[in-house]
Amino acid sequence: MTDFAYRAVNAHGQRVRGQLQAADLVDLEQRLRDLDLDLLHGKPVTASHWLHRQRPISRRELIKLCFHLEQFLRAGVPIIESLTDLRDAIHHPPFRQVIADTIQAIEGGLTLSEALARHPRVFDPVFCNLIRAGELSGRLPDILRSLSEALKRDDELASHSRRLAIYPAIVTVVILAALGVALLYVVPELARLFHSTGRPLPWQTRQLILLSGLLADYGWLLAVAVPTSALGARMAVRRHAGLRLRFDAALLRLPIIGAILNKIILARFTGLFAMMYASGITIIDALKTAEDVVGNTALQHGLQQVGRAIEDGRQVSEAFLAVDLFPPMVTRMLRIGENTGAIDTALANVSYFYDRDVREAIERLQASIEPLLTLVLGALLLGVMSAILMPVYDIITHMPL
């Protein structure tokens, strides 16, 4: 299969651009026809087309898929007909193609989980393993409901995280823009006025003028160096496993932010782990599958140690306690679940505990960030204004009457 970039016309005569996987142009034309599109032009995607990559499938589209597929299956609609109706209702062409390919794979003899596993960029191993567990247990609608709820929970956590970052980002951009305009346009004019008087300038004024000169002379270098350094550091962290491990561990040790990030990751992990165990997946398999979704190699390394300890015969609560991933209250809940034979309920309680803790931590941080940023902004403005007004006041007081 090859990625093809195409231009097509829909049923309303509108031109559509996108990318699809197909064996050749004939297969591409047939796949577009299944999506009610007429091919105008198509060619294989090469490295030079990296700017035209598809928009990824959003989490909310997966939520809609799980919800509607669950409703169809509970109503007794066969899986092929259910997916066909869903394909016709989807407006995102790449996702429609994924569903169309899934339908063809099922018609060719594959199960739903096997067909979904053909698209790992859309359906991760956790998703496919849960679908497989639902097929084997005959509880596929229940699994789809659990998946929908888990995706909603992940979407809420991501939304909380975005809200936490948006306000500081906006304030930072505004502050930097205001300082940049002042240093590049206002301070040079005032510097000429101050120097024309021949009077000595205060220390903070001299530093402000020096900073203005450096920004005017080397601002272009700063504008190039900062994004280049950030991109280089990001590529180095991605490609070097040891560096990635140290970077991820350092993120978790950051004051305040590190603790919240740790809770967000563990909230997602515990939710998925609880859902997979409740679906009939063994603890070892659920743990190995959930390791890939934490997104932090330091925590992933700790979970691998937990898995090895459980394989060696240790209890789940003891294995988690040994690597110090969870607070004592959580490990006590796991121990109670082991003693009562209701470890799935204990895991669900752990997930609820972390979900609530993350929301409360983010709300507290949001409440403290606003006054803190206000104080920072006020301090910066006070420093700039004092550096400007002190020489002005000195000039005025020494003017001849």
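All of the numbers you see were taken from the coordinates with simple rules; none came from a lab. Since the model is a prediction, treat every value here as computed from it, not as a measurement. Backbone-built Cβ (ideal geometry, glycine too); neighbour counts: all protein chains shown.
Numerical summary
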{"read-out": "Extension gain (nm, one decimal) between ASP155 and ILE257, 0.36 nm per residue minus Cα-Cα", "value": "34.8 nm"}
{"read-out": "Spin-label zone in segment 201-216 - amide nitrogen under 20 Å from a point set 7 Å from the Cα of LEU380 along the C-beta vector", "value": "204-216"}
{"read-out": "Inter-centroid distance (Cα atoms) of segment 332-397 relative to segment 213-286, Å", "value": "18 Å"}
{"read-out": "23 Å Cα cut-off, lysine pairs counted over the chain (separation 8 or more, or different chains)", "value": "4"}
{"read-out": "Helix runs (DSSP H) in the chain reaching 20 Å along axis by Cα, Kyte-Doolittle at least 0.0", "value": "93-107, 140-181, 203-239, 257-278, 343-397"}
{"read-out": "Other-chain or far-sequence residues with amide H under 5 Å of LEU40's (modelled H)", "value": "ARG7, ALA8, VAL9"}
{"read-out": "Diffusion coefficient, µm² s⁻¹, Stokes-Einstein with Kirkwood Rh over alpha-carbon pairs of the chain at 10 °C and 1.306 mPa s", "value": "61 µm²/s"}
{"read-out": "Those residues of segment 292-319 whose amide nitrogen sits under 19 Å from the label point placed on ARG246, 7 Å along Cα→Cβ", "value": "296-302"}
{"read-out": "Computed label-point distance, nm, for sites ALA216 and ASP38 using a 7 Å Cα→Cβ extension", "value": "6.3 nm"}
{"read-out": "Residues of segment 24-45 with amide N under 17 Å of a point placed 7 Å along Cα→Cβ from THR84", "value": "31, 33-36"}
{"read-out": "Segment 328-401 shape via C-alpha gyration tensor axes, a/c threshold 1.5", "value": "prolate"}
{"read-out": "Gyration tensor (alpha-carbon) shape descriptor, segment 195-259, a/c threshold 1.5", "value": "oblate"}
{"read-out": "Charge context of ARG199, other residues only, Cβ under 13 angstrom, K/R +1, D/E -1", "value": "0"}
{"read-out": "Cα-based shape type of segment 294-370, given that a ≥ b ≥ c are square roots of the gyration tensor eigenvalues and the cut on a/c is 1.5", "value": "oblate"}
{"read-out": "Kirkwood Rh in Å, taken over all unlike Cα pairs in segment 59-152", "value": "13.1 Å"}
{"read-out": "Residues with amide H under 5 Å from that of GLY18, placed H, sequence gap 5 or more", "value": "TYR6"}
{"read-out": "Positive-end residue of THR374, SER317, ALA361, charge dipole of the chain with Cβ unit charges", "value": "THR374"}
{"read-out": "Additional length obtainable on full extension of the chain from SER58 to ARG17, 0.36 nm per residue less Cα span", "value": "12.9 nm"}
{"read-out": "Over the chain: helical MRE at 222 nm, DSSP H runs n ≥ 4 each giving -39500 (n - 2.57), nearest 500", "value": "-25000 deg cm²/dmol"}
{"read-out": "Positive-end extreme of charge dipole, the chain - chosen from PHE67, ALA346, ALA241 (charges on Cβ)", "value": "ALA241"}
